[in-house]
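Enquirer: One structure follows; several queries about it will come next.
The values are calculated or read from the model by the stated rules, or taken from the named source; none is laboratory data. Here the structure is a predicted model, which means the values were calculated and not measured. Positions of Cβ are backbone-derived with ideal geometry, glycine not excepted, and every protein chain shown enters the neighbour counts. For the accessible areas, the whole protein counts, side chains as well, though only heavy atoms, and no ligand, DNA or RNA atoms are used. Shrake-Rupley method; radii C 1.70, N 1.55, O 1.52, S 1.80 Å.
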Amino acid sequence: MIPQETVQKILDTAQIFDVVSEFVSLRRRGQNYVGLCPFHNEKTPSFSVSPSRNICHCFSCGKGGSPAGFLMEHEQMTYPEALRWLARKYNIEIQERELTPEEQAAQTAREGMLQVNDWARKTWENDLWNTEEGRNYGVTYFMGHRKLQEATIKRFHLGYSLKDKFEFCTRALSAGHKRDYILSTGLCYGDPGQRPVNRFRGRAIFPYLNLSGQVVAFGGRILDKVDHAAMKYVNSPESEIYRKSNMLYGIYEAKQSIAKRDKVFLVEGYFDVITMAQAGIENVVASSGTSLTSGQIQMIARFTHNITVLYDGDSAGIRASLRGIDMLLLEGMNVKVLLLPDGEDPDSFARSHSATELEEYIRQHEQDFIRFKTNLLMKDTENDPLKKSQVIQNILQSIALIPDSITSAVYIRETSQQVHISEQQLTDYLNKLREKNYAAELRRQEAEQRRAEAQAALEAKRTEEGTSAESIPTEAPLSAESELPALNPEPARKTAVPNRITDQYERNLLRYIVRNGGQTFLLKYNDETGALQSEEWRVIDFIGNELISGDITYEFRHPVYARMFQMALDATEDQQKPFNGIAFFVNQPDPEISQTALKLADDRYEGLSFVDNIEDMSFLVPRAIMELKCAVVREQINQLQDALRQPGADFRTIMTEYNNLTALKKKFDKIIGERIVTN
């Protein structure tokens, strides 16, 4: 782990011009530099580098960030990897904290497993090209049968494992690799005291590379059966370095293309990925025959939220796989579907078409997932009203998973037109589904919490008695709803649900925190005697004070804005400590935070320009808070008006609160009116 003081030294030392200029040709324009954006294709420079702010930003695609953020986006590095890259560039020594014996043992084992996997990759690549058996079986299979080019084979590090049972492990031991690592990676298997057997003997080899380019696992396809019981495909077992649910085949080779094109194609098998890449479509990954997991989707989401799922033309499992795609919707992905011609799969189709033909077919035939699902399921319901009702409910269940309210509203409108049912009826049912799903997820989380608490109590009791705790079984599903994809709601608090009414006001306040959070201004007001008074406030302190302890307390509802606001409060708890909002947020390792801050810091964002002098901020910042509070009061007044219409409403109590809120609204309106800014 890199010590925090070293992290700060790296961030303080790194200069955006130095870093970006290693990858982009820049020329000076005033105080800044411009160049062609490295994240999308363009002919007119829209990529700006600001040395004074130490950030870069593309005014066309919106990507950019701090020196570390640029490296994470451009080179697809993790945050620690970007920090180490910068440390090497600026000759900053990193003295990572001393690991505990347990941590040291785990790290040693992990490094040993990665080393033996890397050795295996190189060995099998060598055996493919430089042994008679490798050429006769492996090269013939890849180049003759599968029509792969030599450059493609080498790009994906494809290999061949010789048929001999024991020779591979003997070579690995002779090369200095420990038997424990050879077995724990699954390269070989065998009982203690026995010679380990090569798991992949006689097979074409497909390495799995993680995002850093390290080999974490292998897949192997049999080419010449060494025994009748041999399976067609075998894969590395799960280990300390390989979790199947968090891995996608081809992700390392595809990541830069995915980020640049802002899109990924999801296929099923190795050759679907490899052949499409050879044909010129490089932003392709494979689930390797398994259902998509949350971990795999989150890996994709690091590079894009746009995904197209490719189906074989004669695939019989399309209907069965629809439920898995629901997980993509739940994670906020924009999902499309591409159905290939009958008898074709991505591998065969890519081998028989050029890149131009592939791209044209994709452009003409990919469909939005909800529209595709509706058309597919409605085919057989024409004369069956009950079945039609069930299909519509199924479609609405998918729409209910979409987190963005505007996107789901668009789908409701389109679905209404397709199934000939009013938008209002569909919306009413959708809201019921969401409530049902949310309640089911809360019950699931509560059950999991009870199980965890019971497990902890048992652990404590066993520890006291000197025995080990037995695992408490997970509770049975509470209801049919618990089988739905997990919704992962935020805790039940006001910040959990974005609100289109207050979003714009929250965004406005966040702009001041990012742009001007550390600056001071004079707050002028009349005291009880009518005398004019003034107080000096730092922007972040004033906003925090007004929202936490003012006449109306308020918690940000937009999840990202809420996190950013709390991060700013935590960072400025010591009010004597300087605060640079742009540098603070843009240097965060979370790309969602850094990219949001980058947009808020942009002078041209939504056509607004922010001024930095004290006189302007003295009325702009308080006015922005008043606008937010006024919006909240209006919202509460509307809720009271609705409550008055309900049967059995407590008229007196509601009217008392209504009058209080109306008076408060008039007060806020008056203050806002006095602070109208004219140009």
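Enquirer: Across the range 514-531, which residue is farthest from VAL586 (Cα to Cα) among those that are touching a helix residue (DSSP H, G or I) at 6+ places or on another chain (Cβ under 9 Å) and not in a strand (DSSP E or B)?
Expert: Out of the qualifying residues, it is GLN519.
Enquirer: Take ARG179 and decide whether it is over 22 Å from ASN246 (Cβ atoms) and buried (at least 17 other Cβ atoms within 10 Å of the Cβ).
Expert: When the stated conditions are applied, ARG179 does not pass them.
Enquirer: Now a separate question. Could you figure out which of (1) modelled with pLDDT under 85; (2) within 20 Å of LYS436 (Cβ to Cβ) isn't true of ASN375?
Expert: It is condition (2) that ASN375 fails.
Enquirer: Between residues in the range 635-654 that are of a type outside the set (Lys, Arg) and residues that are open to solvent by less than 80 Å² (accessible area, probe 1.4 Å) and in a loop (DSSP other than H, G, I, E, B), which pairs lie under 9 Å by C-beta distance while being six or more apart or on different chains?
Expert: These pairs meet every condition: GLU635/ASN499; ALA643/ALA649.
Enquirer: For LEU628, state whether it is open to solvent by 10 Å² or more (accessible area, probe 1.4 Å) and either at pLDDT 80 or above or of a type outside the set (S, T, N, Q) (or both).
Expert: No.
Enquirer: Quick one: which helices (runs of 4 or more DSSP H) lie wholly within the range 348-410 and hold at least 3 residues that are over 30 Å from LEU148 (Cβ atoms)?
Expert: Counting at least 3 such residues, we get 369-378, 385-400.
Enquirer: Quick check on my filter: what residues within the range 507-535 are within 12 Å of PRO622 (Cα to Cα) and under 30 Å from the mean Cα position of the chain (by Cα)?
Expert: Scanning the range 507-535 gives ASN508, LEU509, TYR512.
Yes/no matrix, rows are residues, columns are (1) among the β-branched types (Val, Ile, Thr); (2) open to solvent by 20 Å² or more (accessible area, probe 1.4 Å); (3) farther than 18 Å from PHE156 by Cβ:
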| site | (1), (2), (3) |
| --- | --- |
| SER212 | no, yes, no |
| ARG221 | no, yes, no |
| MET231 | no, yes, yes |
| LYS244 | no, yes, yes |
| LEU248 | no, no, no |
| ILE258 | yes, no, no |
| ILE274 | yes, no, no |
| GLY280 | no, yes, no |
| THR308 | yes, no, yes |
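Enquirer: A further question follows. Please give the number of the condition ASN580 fails out of (1) at pLDDT below 85; (2) open to solvent by 70 Å² or more (accessible area, probe 1.4 Å).
Expert: Among (1) at pLDDT below 85; (2) open to solvent by 70 Å² or more (accessible area, probe 1.4 Å), the lone unmet condition for ASN580 is (1).
Enquirer: Output the residues belonging to the range 1-41 that are in contact with a strand residue (DSSP E or B) (Cβ under 7 Å, 6 or more places away or on another chain), assigned to a loop (DSSP other than H, G, I, E, B) and aliphatic (A, V, I, L, M).
Expert: Correct list: VAL24, LEU26, LEU36.
Enquirer: Tally time: how many residues in the range 329-347 are assigned to a strand (DSSP E or B) and open to solvent by less than 10 Å² (accessible area, probe 1.4 Å)?
Expert: Here the count works out to 3.
Enquirer: Can you find, within the range 42-52, the residue that is surrounded by the fewest Cβ atoms within 10 Å (Cβ to Cβ) among those that are in contact with a strand residue (DSSP E or B) (Cβ under 9 Å, 6 or more places away or on another chain) and not in a strand (DSSP E or B)?
Expert: SER52
Enquirer: Quick one: GLU81 ticks every box in (1) of a type outside the set (Phe, Trp, Tyr); (2) within 26 Å of the chain's Cα centre (by Cα); (3) farther than 22 Å from GLY581 by Cα; (4) not in a helix (DSSP H, G or I) bar one, so which box is it?
Expert: It fails just one condition, (4).
Enquirer: Moving on to the next point. Does the range 363-387 hold any residues that are farther than 25 Å from LEU330 by Cβ and surrounded by 15 or more Cβ atoms within 10 Å (Cβ to Cβ), and which are they?
Expert: THR381
Enquirer: List every residue pair whose Cβ atoms lie under 6 Å apart, where the two residues are 6 or more positions apart in sequence or sit on different chains, the first residue falls within the range 181-205 and is under 17 Å from TYR137 (Cα atoms) and modelled with pLDDT of 95 or more, and the second residue, located anywhere, is assigned to a helix (DSSP H, G or I) and among the aromatic types (Phe, Trp, Tyr).
Expert: ALA204/TYR141; ILE205/TRP124
Every residue, every condition in (1) touching a Ser or Thr at 6+ places or on another chain (Cβ under 9 Å); (2) surrounded by fewer than 17 Cβ atoms within 10 Å (Cβ to Cβ); (3) within 18 Å of SER594 (Cβ to Cβ), yes or no:
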residue: LYS63; (1), (2), (3): no, no, yes
residue: HIS74; (1), (2), (3): no, no, yes
residue: LEU86; (1), (2), (3): yes, no, yes
residue: VAL116; (1), (2), (3): yes, no, no
residue: THR140; (1), (2), (3): no, yes, no
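Enquirer: Taking only pairs six or more apart or across chains, which ones have beta-carbon atoms under 8 Å, a first residue in the range 523-539 that is aromatic (Phe, Trp, Tyr), and a second residue that is part of a loop (DSSP other than H, G, I, E, B) and open to solvent by less than 100 Å² (accessible area, probe 1.4 Å)?
Expert: Short answer, once both residue conditions are applied: none.
Enquirer: When the residues of the range 408-426 are narrowed to those that are open to solvent by less than 50 Å² (accessible area, probe 1.4 Å) and not aliphatic (A, V, I, L, M), which ends up farthest from PRO385 (Cα to Cα)?
Expert: SER408
Enquirer: Looking at the range 86-105, I want the residues that are over 16 Å from THR6 (Cβ atoms) and modelled with pLDDT of 80 or more and have a partner that is among the polar types (S, T, N, Q) and open to solvent by 70 Å² or more (accessible area, probe 1.4 Å) with Cβ atoms under 8 Å, at least 6 apart or on another chain. Which pairs are those?
Expert: Note: no pairs meet the criteria.
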